[in-house]
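Quick notes on the structure that follows.
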Amino acid sequence: MLRTGDCETLQAAVDTLVHTPPPRLRTHLTRVAASRRLPTWTESLAGGDGDALQRLGDALRTYHLETLAPFWQRIHAHGDADRVIRLHRLLRGGTDGLLSGLGPRFRWRQPVLEADYPVNHAVDWARPTPTARTDDVPLGPLLGHTRAAVLGATPTGASTVELARMQAVTHPAISQHLKVLRAAGLVITVRKAGRSFHVATAEGRALLRSGERGEIP
């Protein structure tokens with residue numbers, strides 16, 4: 001069994017796939033077919049055949065339940081461990097250190113990150129600056145507004161200095177909030193060369209999602 005909304009996320013993704021408009025299906029499958037030979041059954045998908053789409057959705061759900069779901073907690077643990085490794089590389093070598101060590105399928109040629117992909121496609125990314133406010137945080141009544149705002153700023157990672165500046169509080173105060181969040185298993189901290197970088201764990205992210213959905217009283 002999956003936890004913390006993962007089933008809902010999977011179902012939503014499958015539903016989105018099954019209800020993809022036929023013109024979009026044809027466009028994407030045509031692009032993929034330009035670089036590789038596709039099986040004949042994809043012709044039905046390209047035509048928007050409802051039965052074919054439903055069978056594909058059923059196959060994805062079955063694959064997930066039999067192949068991924070039994071190991072989902074372990075997958076999450078490995079993902080969290082890898083995030084810590086990436087944070088070490090970020091602290092040690094900045095953006096270059098982080099992106100240059102992603103593996104053979106990724107190539108960092110500043111300012112472009114290249115990845116193996118079936119078709120030629122460019123994506124522009126911009127990381128949003130965390131702007132959590134202490135007076136407008138769903139988890140405020142549960143954790144306290146400042147502590148909830150600190151947690152809300154950590155899904156993409158933040159340093160102690162950044163958190164103190166965002167919340168307009170002292171470094172010792174931020175450190176105390178982080179100590180409580182770490183003890184609860186909601187945040188992990190990586191320290192390197194005198195700097196600390198904090199990132200929400202899977203449990204912390206799940207709690208944030210619950211607060212956004214209004215499931216926390």
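Every read-out reported here was derived from the displayed coordinates using simple, explicitly stated rules and does not represent laboratory data. In this text the structure is predicted, and so the values were computed from the model without any measurement. No Cβ is skipped: glycine too gets one built from the backbone with ideal geometry, and neighbour counts run over all protein chains shown.
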Net charge dipole size for region 140-212 [Lys, Arg +1 and Asp, Glu -1 on Cβ; Debye, nearest 20]: 240 debye
Span from the region 54-100 Cα centroid across to the region 145-217 one, whole angstrom: 21 Å
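Can you tally the net charge around residue 117? Count Lys and Arg as +1, Asp and Glu as -1, for every other residue whose Cβ sits under 13 Å from the Cβ of residue 117.
With Lys, Arg at +1 and Asp, Glu at -1, the net is +2.
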Dipole axis of region 6-71 (+1 Lys, Arg; -1 Asp, Glu on Cβ), positive-most option in 28, 59, 11: 28
Nonlocal amide H pairs with residue 159, under 5 Å, H built at 1.01 Å: 198
Tensor-based shape of region 6-71 (alpha-carbon gyration tensor, a/c under 1.5 rounded, otherwise prolate or oblate): prolate
